[in-house]
Amino acid sequence: MSALKDVISCISDYDPEALPVERANQVIRSFVQPVAGFETVAVRAALDRVLAEDIVSPIDVPAHDNSAMDGWAVRFADLSQNAEVALTEIGTAYAGKECKEKAGPGQCVRVMTGAVMPEGTDTVVIQELVKIEGKRVIVPPGQERAQNTRRAGEDLQAGKPALNAGTLVRPAELGLIASLGIARVNVRRRLRVAFFSTGDELRSLDEVASGAAAPPKKGEIYDSNRYTLWGMLQRLGCEVIDMGVVRDDPVLLEAAFARAAASADAVITSGGVSVGEADYTKQMMAKLGEVVFWKIAMRPGRPMAIGRIEGAGNSAYLFGLPGNPVAVMVTFYHFVRGALLTMMGRKDTDLPLVRAKSETLIRKKPGRTEYQRGILRRADGEWTVRLTGAQGSGILRSMSEANCFVVLHHEQGSVKPGDPVDVMLMEGLV
Ligand code: AMP
Ligand code: MG
């Protein structure tokens, strides 16, 4: 396990007071390591999990050369490139039934899709092309060798990895694993993630609803970050440990951090990492492990803490996110998501950016990355994007209305109406 300071010492132009997004991600990705430990589950239970090891195919798929179409299995050597040829049908081959017939010169076999190619044959002529005269099958010229056949092992070959460790199991992988006759697979164990909100101004919805706490007074607000965080972690398939709201009290904070570190692989908090924050959150983070505090050159989501903290002999990665609700989501998607996927053993963590035409002027200063919330749509035959309206980091509605992030890169300046911009779809991300 590498120390954070060693990772940071390898990063060029490291400036914690104005860290570009790419640099921050570079540190995070080199810092976090996949968790050890896997479990063996039935194929369907592997959906949305990550393969812990390569799946080596025990068989060829398909196992035998077979017909891809209904028609006649013929010997290509019998055919002519410039004249019709008359062949004699000697039998029929069905899918799933063994075919006893062996085709000699001048002979052919009626075949159904999926039937094993009868011995002696190598090519299939589809039924629409042939003429039938009693037992005589007239094949027109111009056929190609091996046409309309599927070769043994053309999908997967015995002894070769069919799927690699680190692959996310999606519906296609479920089918592929089943096609190999494999009923149980080894997947990485689920990631355990503990999270809590910090701040004296927060009222916890569950406590208020159950009557255990008073409704918010003037200046107090409902804690919403724990709900977005819970949802984002669920979508990633994590085991979540919701630790509630923790008051700005050094004793309570220390206990919460220690308990979270003791039970989880990662700890995520929101709030208390801003500059000049008059609370103990930062102090406690620094006290319990190796933690760095960043001001990231981005919007929203400038302040963030990253590190490892200890509790009861266990250590956990720490992600101290800002307090503002949009900043929480943006920093989660653009830093924490990739880190958690890496911890889960995933190899492919990046999402594609696509280009769309901006419908409006978007103001932007070079020197920071912005993740504005946008609505992508198809208009007059092309993809266009507009912003969701007010982009304040506390306006969660901007996330709810959006179907994409408009990604404005570090060096980029303002975008004129009609200019192309990069867009990251929320489908697949959220
Ligand atoms: P902080 O970084 O702690 O100064 O928080 C920045 C802003 O986010 C403040 O306006 C907080 O009230 C707000 N905030 C912090 N935590 C939460 C939360 N869990 N839910 C909603 N808003 C929050
Ligand atoms: Mg606070």
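The values are calculated or read from the model by the stated rules, or taken from the named source; none is laboratory data. The structure displayed is predicted, hence computed values, not measured ones. Ideal geometry is used to build each Cβ from the backbone, glycine not excepted, and the neighbour counts take in all protein chains shown. Remember, those area values only see protein heavy atoms, side chains included, never the ligands or the DNA or RNA. Shrake-Rupley method; radii C 1.70, N 1.55, O 1.52, S 1.80 Å.
Per the listing Glu239, Glu254, Glu201, the residue uniquely within 16 Å of ligand 2 (Cβ to nearest atom), of a type in the set (Asp, Glu) and in contact (Cβ under 8 Å) with a residue 12 or more places away in the chain is Glu201. Scanning the stretch 217-234 for residues that are open to solvent by less than 40 Å² (accessible area, probe 1.4 Å) and away from ligand 2 (no atom under 15 Å from the Cβ) yields Thr228, Leu229, Gly231, Met232, Leu233. Within the set Leu79, Leu87, Leu47, the sole residue that is touching a helix residue (DSSP H, G or I) at 6+ places or on another chain (Cβ under 8 Å) and open to solvent by 20 Å² or more (accessible area, probe 1.4 Å) turns out to be Leu47.
Counting only residues that are basic (Lys, Arg), out of contact with any strand residue (DSSP E or B) (no Cβ under 6 Å at 6 or more places or on another chain) and more than 30 Å from Val291 (Cβ to Cβ), the stretch 1-59 holds 1 of them. Regarding Val275, is this residue within 13 Å of ligand 2 (Cβ to nearest atom) and either at negative phi or not polar (S, T, N, Q) (or both)? Judged against the criteria, Val275 is a match. Would you point out the residue of the stretch 331-358, among those that are more than 30 Å from Asn164 (Cβ to Cβ) and in contact with a Ser or Thr (Cβ under 8 Å, 6 or more places away or on another chain), that is farthest from ligand 2 (Cβ to nearest atom)? Per the stated criteria, the residue is Lys357.
Put simply, of Ala256, Ala212 the only residue that is of a type in the set (Gly, Ala, Ser), on the phi < 0 side of the Ramachandran plot, away from ligand 1 (no atom under 13 Å from the Cβ) and open to solvent by less than 30 Å² (accessible area, probe 1.4 Å) is Ala256.
For the stretch 409-423, does any single residue satisfy the condition of being aliphatic (A, V, I, L, M) and either in contact with a helix residue (DSSP H, G or I) (Cβ under 9 Å, 6 or more places away or on another chain) or under 23 Å from Val27 (Cβ atoms) (or both)? The answer is no; no qualifying residue exists. Filtering Asn314, Asn324 for residues that are on the phi < 0 side of the Ramachandran plot and surrounded by 19 or more Cβ atoms within 10 Å (Cβ to Cβ) leaves a single hit, Asn324.
Across the stretch 150-183, which residue is modelled with the lowest pLDDT among those that are closer than 13 Å to Val56 by Cα and part of a strand (DSSP E or B)? Going through the qualifying residues, I end up with Leu156.
Screening Asp249 against (1) surrounded by fewer than 20 Cβ atoms within 10 Å (Cβ to Cβ); (2) away from ligand 1 (no atom under 16 Å from the Cβ); (3) more than 23 Å from the chain's Cα centre (by Cα) leaves a single unmet condition, (2). Whether any residue in the stretch 207-216 is touching a Leu at 6+ places or on another chain (Cβ under 7 Å), free of Cβ contacts under 8 Å to residues at least 60 places away in the same chain and within 16 Å of ligand 2 (Cβ to nearest atom) is what I want to check. Looking for residues that are touching a Leu at 6+ places or on another chain (Cβ under 7 Å), free of Cβ contacts under 8 Å to residues at least 60 places away in the same chain and within 16 Å of ligand 2 (Cβ to nearest atom), one finds none in the stretch 207-216, hence no.
Looking only at the stretch 278-330, which residues are of a type in the set (Gly, Ala, Ser), within 13 Å of ligand 2 (Cβ to nearest atom) and modelled with pLDDT under 95? Within the stretch 278-330, just Ala278 meets the criteria.
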